[in-house]
There are 2 protein chains.
Amino acid sequence: MTDKRNKGYIHNAKYKVMRKDMTAEILSSFFYPESILLVGASSKPKSIGYEILKSIINFGFKGKVFVVNPKSDEILGIKCNKTIEEIEEKISLAVILVPKNLVFDALKSCASKQIKNVVIITAGFREVGGEGAELEKQITEFAKINGIRLIGPNCMGLINTDENVRLNATFAAEVPRYSPVSFLSQSGALAAAVLNTISLTGYTFGQFASIGNKADVNENDLLEFWWKDEKTKVITMYLESFENGRKFFELANQITKEKPVIVLKAARTKSGSSAASSHTGALATQDDIVDCALIQSGCIRVKTIEEMFETANSILNLKKLNGKKVAVLTNAGGPAILCVDEIEKQGLKISELNETTKNKLREILHPESSIKNPVDMLPGADATAYRTAAKILSEDENVDAIIAIFVEPVMINAFDVISQLAEEQKTNSKPILIVTFPLPHFWEKWKQNGIKDSVILKSVELAPVIIKNLYDYHFRI
Amino acid sequence: MTDKRNKGYIHNAKYKVMRKDMTAEILSSFFYPESILLVGASSKPKSIGYEILKSIINFGFKGKVFVVNPKSDEILGIKCNKTIEEIEEKISLAVILVPKNLVFDALKSCASKQIKNVVIITAGFREVGGEGAELEKQITEFAKINGIRLIGPNCMGLINTDENVRLNATFAAEVPRYSPVSFLSQSGALAAAVLNTISLTGYTFGQFASIGNKADVNENDLLEFWWKDEKTKVITMYLESFENGRKFFELANQITKEKPVIVLKAARTKSGSSAASSHTGALATQDDIVDCALIQSGCIRVKTIEEMFETANSILNLKKLNGKKVAVLTNAGGPAILCVDEIEKQGLKISELNETTKNKLREILHPESSIKNPVDMLPGADATAYRTAAKILSEDENVDAIIAIFVEPVMINAFDVISQLAEEQKTNSKPILIVTFPLPHFWEKWKQNGIKDSVILKSVELAPVIIKNLYDYHFRI
């Protein structure tokens with residue numbers, strides 16, 4: 001867990017004084033740049049140099065866009081500069097995607113232009129070893145000496161979906177809806193997979209950085225930056241290695257008292273670690289140590305990307321959890337049983353409903369409903385029944401959280417039921433998680449007209465996992 | 001594990017002789033009926049009695065449809081009969097959905113019409129206890145004496161998507177594409193959840209039965225029936241309880257030598273069991289005994305519906321697995337690492353590629369690709385590279401199965417890559433599982449023009465689980 005490469009500025013005495021004061025301000029320009037320079041923009045559709053420029057323009061970046069390409073006069077309506085040096089305006093962020101052998105020169109030009117924030121998309125450095133690794137070392141050293149903060153190389157860029165920024169400096173065609181979740185990915189391709197499928201999953205986030213080989217900026221820098229960043233309410237990270245584990249856990253221990261930090265740590269197994277080392281040249285760590293350290297520092301460790309984003313969304317949009325007793329409300333027996341199995345497996349408790357609750361439920365529900373927990377209201381239960389029953393359950397002192405499962409039957413409209421439940425989710429004082437299996441046209445309609453920032457899941461097994469995560473977070477030792 | 005209620009015909013000496021010979025033929029009419037009678041069809045849209053009739057008509061049932069409704073002359077273009085008795089034609093299958101207090105009379109009329117196959121959709125029987133349980137007992141007894149086989153009560157009906165049958169006697173609006181998978185669900189609502197989301201998941205099956213309270217026909221009957229049914233190649237079951245566990249495992253032990261049986265057994269925990277008993281009035285069984293018995297009898301035990309259908313599809317459409325050494329082919333580092341973690345977690349092995357393989361890969365791939373397993377071809381890899389690399393990997397004696405992961409980058413078309421991989425999946429002698437994260441428009445195009453009966457997953461974690469299931473099935477002791 002020691003950092004032999006010693007690239008982190010904090011443990012590097014040589015640059016400590018110079019860099020300390022500038023850190024917050026200088027990292028800020030990665031996510032809130034006033035202008036962006038693309039070095040290596042291309043006029044050829046489908047090339048990365050063309051697609052990134054298209055992303056920047058299409059997403060409506062609020063700052064100025066500059067482009068360097070010696071061979072073209074104009075790309076996508078943006079005038080091209082032949083060299084970096086000929087640009088007169090101030091540049092806050094440069095994105096370099098020229099071929100590997102031209103990267104160092106581009107960086108030198110950035111330095112001469114006093115650009116302090118540089119993203120290197122180009123691959124072929126430490127992850128391939130040999131000359132690539134040597135070149136990365138030189139570039140990193142140069143950046144340090146010149147007070148440049150570097151993201152990458154071998155990464156896929158930056159996103160900030162904040163309305164005042166609208167930065168998409170990646171080659172991803174799809175961008176999420178904004179939320180105050182910040183997302184770091186050590187793997188660009190994993191982030192690409194997330195972004196490709198975002199219209200299906202509906203995950204939301206604001207700031208995103210793909211940090212690739214972590215030549216300079218690493219998870220610790222971003223942890224610190226997002227800690228202080230007012231727009232960030234939840235920090236999520238996909239990591240394959242820790243650049244400086246001790247520093248990470250020290251930081252996390254402080255941050256998680258104020259903001260949740262959710263970590264998907266891959267390369268958990270021996271084979272996974274070995275694979276990771278040839279991917280971003282990262283050194284992996286023993287998994288049980290990681291587990292222990294993550295728990296002690298108050299981080300939420302998740303197993304899948306879905307769990308990561310749905311937990312983040314739940315922390316943001318559900319009320320605070322005050323215990324581990326869960327009530328299940330359903331119109332569907334089978335899914336409720338699968339859910340109850342998972343509640344027990346997660347070490348949560350199935351609420352024993354008190355008599356008042358049972359009597360109230362009996363009054364409003366079909367006589368053949370099951371008023372034990374899980375409360376099975378049968379397929380006839382409509383939006384009003386769902387909302388009333390959820391309210392009744394929430395008034396029971398033996399209920400800390402509610403999972404409401406709705407399988408759409410022909411006679412009941414899913415949109416109405418989910419709308420009422422989502423309203424209750426917002427107004428009730430206890431967390432209510434909604435799981436639904438509606439007919440296919442529901443999702444499109446919900447995306448257009450549904451209540452924003454709701455927690456609506458597609459898997460009965462995931463809801464208890466999220467409650468467990470909320471519990472661990474709120475009741476950390 | 002003894003069956004105190006003794007409803008199974010095989011252990012019921014009284015009816016043994018009479019029923020034994022008729023069993024195969026008589027169960028067959030549930031899935032291959034020549035005519036179907038709906039008792040309790042309704043003229044009111046959104047009612048179950050209307051929606052089931054609509055399903056039967058819209059799905060294009062190949063046999064004759066009869067309807068009983070004393071108040072209407074015609075519903076959805078089908079002439080209504082006032083009573084069952086007035087119908088002159090022979091009826092092979094009756095579906096009863098009248099109110100509970102009219103069910104017994106309807107069944108008596110079916111008996112007088114010599115109908116031997118009856119599905120009772122109506123709920124409110126054993127699952128609510130008291131009078132309901134008593135009524136179910138009477139009805140079941142009556143059915144036995146009259147040689148009627150009964151599915152339900154408290155169920156959601158039957159489906160057979162076979163082109164020669166086209167039966168959808170459920171109130172589900174969505175029906176899967178045909179495959180020789182037969183699917184039993186003890187929970188109607190779970191089946192409804194599966195059917196509601198079928199256009200997203202793409203699961204396929206042929207025969208489906210929701211068996212509800214299992215008053216007569218239970219999982220053992222269908223296990224036997226599907227064993228002998230030539231159209232069934234894989235049997236899948238969602239169960240909350242075993243009606244006669246000993247019989248189930250004896251049967252499964254024989255059947256799994258010929259056909260795979262995949263079981264999702266819910267009510268695994270104490271709370272889950274308790275929930276199940278108020279759902280379909282079922283008695284649950286200790287989970288570790290179930291696990292042990294399922295393994296010994298050669299069944300594949302799965303944990304989720306997704307795993308169940310994707311395993312069924314993989315058994316049908318992948319080549320036979322001959323060992324547990326897995327190679328991963330990818331254009332995306334992060335997802336490959338998550339996959340490798342899961343391969344190790346499942347007790348499979350990461351193939352050590354031999355030198356010949358590495359040399360061949362080196363020749364065709366980008367020089368900066370990683371030619372260790374996982375083979376990371378980098379984002380530039382196109383359809384030809386994917387197919388050629390898959391072929392090379394399959395020729396290595398250290399490779400028993402290949403997981404090919406493709407995250408769609410801007411410059412490469414997902415449809416071409418997946419088409420080539422799906423072709424290779426069909427022609428190669430080893431199993432190739434495809435996992436992809438394409439841009440959103442891919443799925444619709446693939447549904448229209450893609451190669452049918454391919455195994456294409458949306459989760460890197462699921463692929464190793466499926467390989468483990470295939471391994472356990474093929475290498476059962």
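Suppose we keep only residues that are away from chain A (no Cβ under 11 Å) and in contact with a Leu (Cβ under 8 Å, 6 or more places away or on another chain) within the stretch B:43-59. Which one would you say is nearest to B:Glu86 (Cα to Cα)?
Step one: list which residues in the stretch B:43-59 are away from chain A (no Cβ under 11 Å), which gives B:43, B:53, B:56-59.
Remaining after also requiring in contact with a Leu (Cβ under 8 Å, 6 or more places away or on another chain): B:53, B:56-57, B:59.
On the way: B:Leu53: 20, B:Ile56: 22, B:Ile57: 22, B:Phe59: 27 Å.
Top of the filtered list is B:Leu53.
Based on what the data block shows, is B:Arg149 within 30 Å of A:Pro440 (Cβ to Cβ) and either in contact with a helix residue (DSSP H, G or I) (Cβ under 6 Å, 6 or more places away or on another chain) or among the basic types (Lys, Arg) (or both)?
When the stated conditions are applied, B:Arg149 does not pass them.
Which of the residues belonging to the stretch A:347-374 are at the interface with chain B (Cβ under 10 Å from one of its Cβ atoms) and either in a loop (DSSP other than H, G, I, E, B) or within 14 Å of A:Lys391 (Cα to Cα) (or both)?
A:Leu348, A:His366, A:Pro367, A:Glu368, A:Ser369, A:Ile371, A:Lys372, A:Asn373, A:Pro374 - these are the residues of the stretch A:347-374 that are at the interface with chain B (Cβ under 10 Å from one of its Cβ atoms) and either in a loop (DSSP other than H, G, I, E, B) or within 14 Å of A:Lys391 (Cα to Cα) (or both).
Against the definition (touching a residue at least 40 places away in the same chain (Cβ under 8 Å) and touching a Ser or Thr at 6+ places or on another chain (Cβ under 7 Å)), how does B:Asn373 come out, yes or no?
For B:Asn373, the condition - touching a residue at least 40 places away in the same chain (Cβ under 8 Å) and touching a Ser or Thr at 6+ places or on another chain (Cβ under 7 Å) - is met.
Taking A:Phe171 as the residue in question, decide whether it is of a type in the set (Phe, Trp, Tyr), surrounded by 24 or more Cβ atoms within 10 Å (Cβ to Cβ) and closer than 21 Å to A:Ile91 by Cβ.
Yes: the conditions hold for A:Phe171.
Just wondering, is there one or more residues in the stretch B:88-102 that are within 14 Å of chain A (Cβ to nearest Cβ) and of a type in the set (A, V, I, L, M, F, W, C)? Outline the logic, then answer.
Filtering the stretch B:88-102 down to residues within 14 Å of chain A (Cβ to nearest Cβ) leaves B:97, B:99-101.
Going one step further and asking which of them are of a type in the set (A, V, I, L, M, F, W, C), we end up with B:97.
Yes, because at least one residue in the stretch B:88-102 is within 14 Å of chain A (Cβ to nearest Cβ) and of a type in the set (A, V, I, L, M, F, W, C).
Pairs only if they're at least six apart or on different chains, beta carbon under 7 angstrom, first in the stretch B:329-340 and more than 7 Å from chain A (Cβ to nearest Cβ) and within 18 Å of A:Asp287 (Cα to Cα), second in a helix (DSSP H, G or I) and hydroxyl-bearing (Ser, Thr, Tyr); list them, first residue then second.
Correct list of pairs: empty, since none qualify.
For A:Ser369, only one of the following conditions fails: (1) farther than 14 Å from A:Ser459 by Cβ; (2) of a type in the set (Ser, Thr, Tyr); (3) within 34 Å of the chain's Cα centre (by Cα). What is its number?
(3)
Could you tell me how many of the residues in the stretch A:122-139 are buried (at least 23 other Cβ atoms within 10 Å of the Cβ) and more than 14 Å from chain B (Cβ to nearest Cβ)?
So the answer is 1.
Would you mind listing the helices (runs of 4 or more DSSP H) fully within the stretch B:384-477 where at least 3 residues are within 14 Å of chain A (Cβ to nearest Cβ) and surrounded by fewer than 19 Cβ atoms within 10 Å (Cβ to Cβ)?
B:441-449
Does B:Lys64 fit the bill of being at pLDDT below 95 and over 30 Å from A:Asp376 (Cβ atoms)?
Considered against the rule, which asks whether it is at pLDDT below 95 and over 30 Å from A:Asp376 (Cβ atoms), B:Lys64 comes out as no.
Taking strands (runs of 3 or more DSSP E) that fall entirely within the stretch B:146-263, which contain at least 2 residues that are in contact with a strand residue (DSSP E or B) (Cβ under 8 Å, 6 or more places away or on another chain) and hydroxyl-bearing (Ser, Thr, Tyr)?
Fully inside the stretch B:146-263 and qualifying: B:181-185, B:234-239.
Failed condition for A:Leu195, given (1) farther than 21 Å from A:Gln448 by Cα; (2) among the aliphatic types (A, V, I, L, M); (3) surrounded by 22 or more Cβ atoms within 10 Å (Cβ to Cβ), with all others met?
The one condition A:Leu195 does not meet is (1).
Out of the residues in the stretch B:295-331 that are closer than 26 Å to B:Glu408 by Cα and polar (S, T, N, Q), which is surrounded by the most Cβ atoms within 10 Å (Cβ to Cβ)?
Checking each candidate, the answer is B:Thr330.
Please give the number of the condition B:Lys325 fails out of (1) of a type outside the set (A, V, I, L, M); (2) within 22 Å of A:Ser370 (Cβ to Cβ); (3) not assigned by TED's automatic domain parsing to the domain that holds B:Gly152.
(2) is the only condition that B:Lys325 fails.
Could you list, in sequence order, all residues of the stretch B:30-49 that are surrounded by fewer than 21 Cβ atoms within 10 Å (Cβ to Cβ) and either modelled with pLDDT of 95 or more or among the aromatic types (Phe, Trp, Tyr) (or both)?
Once the filter is applied, which keeps residues that are surrounded by fewer than 21 Cβ atoms within 10 Å (Cβ to Cβ) and either modelled with pLDDT of 95 or more or among the aromatic types (Phe, Trp, Tyr) (or both), the stretch B:30-49 yields B:Tyr32, B:Glu34, B:Ser35.
Go through the residues of the stretch B:76-93 one by one and say whether even a single one is in contact with a Gly (Cβ under 7 Å, 6 or more places away or on another chain) and free of Cβ contacts under 8 Å to residues at least 60 places away in the same chain.
Checking the stretch B:76-93: not a single residue is in contact with a Gly (Cβ under 7 Å, 6 or more places away or on another chain) and free of Cβ contacts under 8 Å to residues at least 60 places away in the same chain.
May I ask you to list the residues in the stretch B:242-267 that are modelled with pLDDT under 95 and in contact with a Lys or Arg (Cβ under 6 Å, 6 or more places away or on another chain)?
Once the filter is applied, which keeps residues that are modelled with pLDDT under 95 and in contact with a Lys or Arg (Cβ under 6 Å, 6 or more places away or on another chain), the stretch B:242-267 yields only B:Glu243.
On the given criteria, is A:Lys325 touching a strand residue (DSSP E or B) at 6+ places or on another chain (Cβ under 8 Å), more than 9 Å from every other protein chain (Cβ to nearest Cβ) and charged (D, E, K, R)?
In short, yes.
The values are calculated or read from the model by the stated rules, or taken from the named source; none is laboratory data. Note that this is a predicted model, so its numbers are computed, not measured. No Cβ is skipped: glycine too gets one built from the backbone with ideal geometry, and neighbour counts run over all protein chains shown.
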